[in-house]
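The next block holds one structure in the form of structure tokens; read it before the comments.
Only the coordinates and a few stated rules stand behind these numbers; no lab work does. Please read all numbers here as calculations on a predicted model, not as lab measurements. Neighbour counts are summed over all protein chains in view; Cβ atoms, including those assigned to glycine, are modelled from backbone coordinates with ideal geometry.
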Amino acid sequence: MSVITLDGLVTRTAISSLDLYQQHLSPRKGFSCPHRLLYGERSCSDYVKQILSDRGLKAALQLAPQRFSACKTAAQTLQAQRAQGGCIVIPCCLPL
């Protein structure tokens, strides 16, 4: 018999919420994660899901704001690169 902790329950709920976001909301929002676009890495939601899976809720809560800040910087970089083309880049982690 496995013991379910509150931390484990919250972590699984957070991962499930990110799964739902990725499946149902993200495809409809009309833009992609700037961090993923600029660096070719995982999106912010994939990054946070991985941290949740590997290191738990506490680590995700500590590392997510840093990633979202990096995403904002990536959005600004992409915006500057695409300014001549008239494109608008929106960070996936509004409002930052």
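By count of other Cβ within 10 Å, fewest leading, how are Thr77, Thr5 ordered?
So the ranking, lowest neighbour count to highest, is Thr5, Thr77.
Take the alpha carbon atoms of the chain, find their radius of gyration, then divide it by 2.2 N^0.38 Å using N residues; give the quotient.
1.23
Would you list Leu63, Leu9 from fewest to most Cβ contacts within 10 Å?
By the 10 Å Cβ count, ascending: Leu9, Leu63.
Taking Cα atoms, how many degrees apart are the long axis of helix 6-20 and the longest axis of the chain, rounded to 10 and kept between 0 and 90?
The answer is roughly 40 degrees.
So what are the three principal axis dimensions of the range 1-51 from its Cα atoms, in whole Å, longest to shortest?
44, 22, 14
Going by C-beta contacts inside 10 Å, put His24, His35 in order with the fewest on the left.
His24, His35
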